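Presented below is the structure to which this report refers.
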Amino acid sequence: MSDPSVQHQQARPAVPVLHEERLDEVLGAAPGRGRGRYRPRRVGMVWRSKVFRAGAVIVALVLCGLVILALVREQTGPEGFLVGLGLAVLPVPLLMAAFRWLDRVEPGPWRNLLFSFAWGACAAALVAIIANSFATRWIATATADPASADTLGATVIAPVVEESAKAAAVLLIFLFRRREFSGVVDGVVVAGFTATGFAFTENILYLGNAFGEDQLSGSSGFASVTAGTFFVRIVMSPFAHPLFTVLTGLGFGFAAVSARRHRARRIALPLLGLLLAMGLHALWNGSSSFGPYGFYAVYGIVMVPAFGLVTWLAIWSRQRELRTLAAELPAYAAAGWLTPAEPSALSSMRARGMARDLARHWQPDRTRGRAAARAVAEYESFATSLAGLRRRARHGAVGPDFGARERELLHHLWQRREVAAPALAHAALLTARPGAHHGRPLPTPYGTGSGYANGYAYGTGYGPGHTPGNGQTHGHTPGYGHTQGHTPGYAPGAYPPPQPHGSAPHSHRRPPS
């Protein structure tokens, strides 16, 4: 019978061991900063140009925005449009901040989030207004019953049209920004930004029309239609549209982490999420037809529990990303790419934030401090991507370009390690459990004091061995850092401490050209 631990180790992808003499061989083929591409460049057709496609998307969204602006202004009037705009913008920063907080472990690029918001506010809203109006008029003409046409349009047509239009943004990022869509949290965040944009435009329309009704009837104050609409849409249910579309995002997120061989699952999960979003949306829109208390019953029995469940799932997925860092990165520490203290620091949001603050305060001026903090933040993001890539590789959810992607991420880490590694190592010590230092003094931020005098520095070495501080080494794989006897393995203080005036640490190690 085979050893289960051996089988588990064999299932993990091999990690390239760091040898200084082979560094150029491992990282030499990796692209420079900001030039990472895993696919060959396509030439010969203008529509395959990245600049052309980005420009076409921007122009299309701007045109949709101008059309939707004219339609909403026509329906609400100038004054109603301004009132609706002022009230509808209130929940937007809170929702965006909540979704961005959820994305802090591995922040996605802002261009994807801005595209999602603009798609929801412009393209999806335009499709919804045109399609819903056309379908409602057609049903009213066919049935000669405008009241039933409005009810049918709100409970059947609107959920299908609106959720499909919003899901298109998630699908586009899933297909064309696949490297940046790596899990459940990405699906939730992209879907949340899309729905926030859609709800923003829809709230302008509803609140503007309510203000117009109040002007005609002379109502004002808390008894006005505007106040009631504001309370229902902005106070009670600002999360309604995000909740619907997040179900679609969850489907795409689970599909992103599914093995590539499970094609049926990768197609069925997004469709299932979309169907759930349509069903919950239809239930919400049709709640007023269930009697005088139908709205409150659906709100309390369905919407609030669903919101709590989805919120818990999103936070659990965020914590799972941190646990993935703690589980996957020690393999790179053993191979010499990270210090042994870094996996624990990178898996703690408190330690990550502390490392950025330390790097910022160690510099003599604000400009260098911001640059150092940005380098640490980028290092944390690349390390998170590396851990996620390795986890997906173990589950068969990556393609044949795994090796190239791994080398590129290691290259980006290497470029920033002299700034990030000391800050993360120090943050790991500061956030460790009480008594974890066993009486050893903590290193000082500027590399002075008894901490370094006793041979205990930030650097925990770059090799699979480990030295407890008495010169003994363990392991036989050559790594970074040498003891006084030049024995391969880990040596205390192998990584030089940060300099007090922001200068680069003196080291014979340099990134490859």
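The values are calculated or read from the model by the stated rules, or taken from the named source; none is laboratory data. Quick caveat: nothing in here was measured; it's all calculated off a predicted structure. Backbone-built Cβ (ideal geometry, glycine too); neighbour counts: all protein chains shown. Just so you know, the surface numbers come from the protein's heavy atoms only, side chains and all, with ligands and any DNA or RNA stripped out. Shrake-Rupley method; radii C 1.70, N 1.55, O 1.52, S 1.80 Å.
What FRET efficiency comes out for the pair Phe134/Arg394, r = Cβ-Cβ distance, R0 = 60 Å, nearest 0.05?
On the way: r = 49 Å, r/R0 = 0.82.
Computed FRET efficiency for Phe134 and Arg394 comes out at 0.75.
How do 408-415, 143-150 rank on mean C-beta neighbours within 10 Å, highest first? Intermediate values should be presented prior to the final figure.
Details: 408-415: 22.1, 143-150: 12.4.
Most protected by this proxy first, the peptides run 408-415, 143-150.
What number comes out for accessible area per residue over the stretch 202-295 if the probe is 1.4 Å? Units Å², please. Each step should come with its number before you reach the end.
Values: 4600 Å² over 94 residues.
Heavy-atom SASA per residue in the stretch 202-295 reads 49 Å².
Give, as a single signed number, the net charge of other residues whose beta carbon lies under 15 Å from the beta carbon of Ala144, with Lys and Arg counted +1 and Asp and Glu -1.
Numbers: positive: Arg137; negative: Asp145, Asp150.
Net local charge, Ala144 excluded: -1.
Describe numerically, in nm with one decimal, the distance between label points set 7 Å from Cα along Cα→Cβ at Arg260 and at Ala14.
Here the modelled spin labels are 1.9 nm apart.
Based on alpha-carbon centroids, what's the gap between the stretch 361-406 and the stretch 280-329 in Å, whole number please?
31 Å
Need one number: nm distance between label points at Glu79 and Leu172, each 7 Å from Cα along Cα→Cβ, rounded to one decimal.
3.7 nm
Please say if the stretch 136-227 is rounded, prolate or oblate, where rounded means a/c under 1.5 for a ≥ b ≥ c the square roots of the C-alpha gyration tensor eigenvalues, and otherwise the choice is prolate for a/b larger than b/c and oblate otherwise?
Values: a/c = 4.02, a/b = 1.60, b/c = 2.52.
Since a/c reaches 1.5 but b/c is at least a/b, the shape of the stretch 136-227 is classed as oblate.
Can you list the HN-Hα couplings for the stretch 171-182, worked out from phi with the Karplus curve (6.51, -1.76, 1.60; θ = phi - 60°), rounded to whole Hz and with x for Gly and Pro?
Ordered by residue, 3J(HN,Hα) equals 5, 5, 5, 4, 7, 9, 10, 5, 5, 9, 10, 10 Hz.
Between Leu338 and residues 5 or more places away or on another chain, which pairs have amide H atoms under 5 Å apart, with H built 1.01 Å from N, and which residues are they?
Ala333
Using a ≥ b ≥ c from the Cα gyration tensor of the stretch 279-403 (square roots of the eigenvalues), is it rounded, prolate or oblate, where a/c under 1.5 gives rounded and otherwise the larger of a/b and b/c decides, a/b for prolate?
Details: a/c = 3.48, a/b = 1.94, b/c = 1.79.
Prolate shape, in that a/c is at least 1.5 and a/b is the bigger ratio.
Assigning unit charges at the beta carbon (Lys, Arg +1; Asp, Glu -1) and nothing else, what dipole magnitude in debye, to the nearest 20, does the stretch 173-318 show about its Cα centre?
On the way: 10 positive and 5 negative charges, 222 e Å.
For this selection, approximately 1060 debye.
I'd like to know which of Leu69, Trp101, Phe115 lies farthest towards the positive end of the charge dipole of the stretch 58-115, counting +1 on Cβ of Lys and Arg and -1 on Cβ of Asp and Glu.
Going by the charge dipole, the pick is Trp101.
Which Rg and Dmax, in Å, describe the Cα atoms of the stretch 222-274?
Rg then Dmax for the stretch 222-274, in Å: 17.8, 59.
With every protein chain left in place, what is the accessible area of Thr196 in Å² (1.4 Å probe, nearest 10)?
Counting only protein heavy atoms, Thr196 exposes about 0 Å² to solvent.
Quickly rank 229-236, 243-250, 347-354 as a protection proxy: mean count of other C-beta atoms within 10 Å, highest first.
Working: 229-236: 16.4, 243-250: 28.9, 347-354: 19.5.
Listed from highest to lowest mean packing, they are 243-250, 347-354, 229-236.
Please find the FRET efficiency linking Leu216 to Leu69, where r is the Cβ-Cβ separation and R0 is fixed at 30 Å, and quote it to the nearest 0.05.
Working: r = 23 Å, r/R0 = 0.78.
For Leu216 and Leu69, the calculated efficiency is 0.80.
How much length would be gained if the chain were fully extended between Arg53 and Asp145, taking 0.36 nm per residue of separation minus their Cα-Cα distance, in nm to one decimal?
On the way: separation 92, 0.36 × 92 = 33.12 nm, distance 4.54 nm.
Between Arg53 and Asp145, full extension yields 28.6 nm more.
Quote the FRET efficiency, to the nearest 0.05, computed for Val304 versus Asp365 with a Förster distance R0 of 45 Å and r equal to the Cβ-Cβ distance. Intermediate results must be reported in sequence, preceding the final value.
Numbers: r = 50 Å, r/R0 = 1.11.
Efficiency, rounded to the nearest 0.05: 0.35.
Might you report the magnitude of the Cβ-based charge dipole of the stretch 87-198 about its Cα centre, with Lys and Arg at +1 and Asp and Glu at -1, to the nearest 20 debye?
Numbers: 8 positive and 8 negative charges, 80 e Å.
Using only the charged Cβ atoms, the result is roughly 380 debye.
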